[in-house]
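Just so you know, all these numbers are worked out from the coordinates, no wet-lab data involved. Computed from a prediction, not measured in an experiment: that's the story for all the values here. Using ideal geometry, Cβ is built from the backbone for each residue, glycine included, and neighbour counts are taken over all protein chains shown.
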Amino acid sequence: MNVAVLDFFLRNVDCSEFNAKRVLEVGSRFVNGSVRPLIERFCKPREYVGIDIEAGRYVDIILPAERLVDHFGPESFNAVISTEVLEHVFDWRLVVNNMKAVLRRGGYIYITTRSKTFHTTGTHTTSSVMRLGHD
């Protein structure tokens with residue numbers, strides 16, 4: 001996570017979207033920051049579940065993002081957060097569709113990702129243009 005992500009959340013989050021609700025963070029492993037402490041402390045979700053493909057701080061369940069629906073079932077979260085993840089997955093469309101599928105009707109998705117001009121860290125990045133929409 002970078003400062004721009006934290007700034008985005010500080011400016012755009014409405015705590016009512018998280019308060020007493022079930023929240024899923026996709027790609028939750030603490031690498032260089034996390035919005036989790038901010039959301040948990042000030043927005044008071046009922047439950048906050050972090051998933052990642054590797055164990056680490058803020059990871060509750062080791063699970064690839066492509067398997068969200070298989071593990072949690074459809075419409076199981078009120079909010080989904082994914083910061084700086086989509087540029088690291090092979091099939092971003094499948095991941096986004098899984099995030100949409102585990103989201104309850106009327107829920108909220110927060111997604112941030114690097115732009116083409118941001119220097120990458122040597123990890124796998126998606127090659128196709130990211131255009132989010134309904135299938």
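Using the reciprocal of the averaged 1/r over all distinct C-alpha pairs, how large is the Kirkwood radius of the range 3-112 in Å?
13.8
If you wrap a convex hull around the Cα atoms of the range 22-82, how much volume per residue is inside, in Å³?
73
Could you derive backbone 3J(HN,Hα) for the range 106-114 from the dihedral phi with the Karplus parameters 6.51, -1.76 and 1.60 (θ = phi - 60°), listing whole Hz in sequence and x where the residue is Gly or Pro?
x, x, 10, 10, 10, 10, 10, 8, 5
So if I place +1 on the C-beta of Lys and Arg and -1 on the C-beta of Asp and Glu, and nothing else carries charge, what would the dipole magnitude of the range 3-112 be about its Cα centre? I want it in debye, nearest 20.
For this selection, approximately 380 debye.
Tell me, SER76, SER16, SER82 in order of fewest to most beta-carbon neighbours within 10 Å?
Sorted ascending by nearby Cβ count, the order is SER16, SER76, SER82.
Going highest first, how would you order 39-47, 19-27 by mean Cβ packing within 10 Å?
Put in order of decreasing packing, that is 19-27, 39-47.
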